[in-house]
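We did not get these values from a lab; they are worked out from the coordinates using the rules stated. What you see is a predicted model, and the numbers here were worked out from it, not measured in a lab. Cβ: placed from backbone, ideal geometry, glycine included. Neighbour counts: every protein chain shown.
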Amino acid sequence: MGSATTEDLGETNRKLRDLLIRLREAAAPADVVAASLTELMDELLHASDLLRGAETGPDADLEQQINQYRGNIEQLQEMLPAIQGRLIAERARLENIRSHLAAAANWTQTSRKTL
């Protein structure tokens, strides 16, 4: 690899691949935690800054890294609907638990008043 931009983009690609693997292998919605999504967003913003500041010109290594980045983004695009579905299901599950706890708390309050 040549330039610092190429090396930085290569490191970003490695991090993105690792994150995509973790997101793909997450067995339960709770496994897709905010930290992973925040880390993903940080890497995407970092890559955006790198590419915005990249010098144009024939650089085969940089082109290769850009192509790998594009592939990572395409994989992420394919995964997002499934991730969104898992997170929506998890939110519904948590809302159900919250509703159950609120009903139990209400029942407890009512029971104390009648005793």
Practice item. Could you work out which residue, out of Arg22, Arg70, Arg93, moves most in a Gaussian network model of the chain, that is, has the largest mean-square fluctuation with Cα springs under 10 Å? Key: Arg93
Point to revise | Length-normalised contact order of segment 4-81 in % [C-alpha pairs under 8 Å, at least 6 apart] | key: 54
Exercise for review: Could you sort 59-65, 94-100, 5-11, 74-80 so that the peptide with the highest average Cβ count within 10 Å comes first and the rest follow in order?
Suggested key: 5-11, 59-65, 74-80, 94-100
Practice item. Given the options Leu19, Leu40, Leu51, state which has the largest fluctuation in a GNM of the chain using a 10 Å cut-off (strictly under) for Cα springs. Key: Leu51
Point to revise | Label-point separation in nm, Gln75 to Ser36, each point 7 Å along Cα→Cβ | key: 1.3
**Study point:** Projected-area mean, the chain, by convex hull of Cα positions, square nanometres
**Key:** 9.3
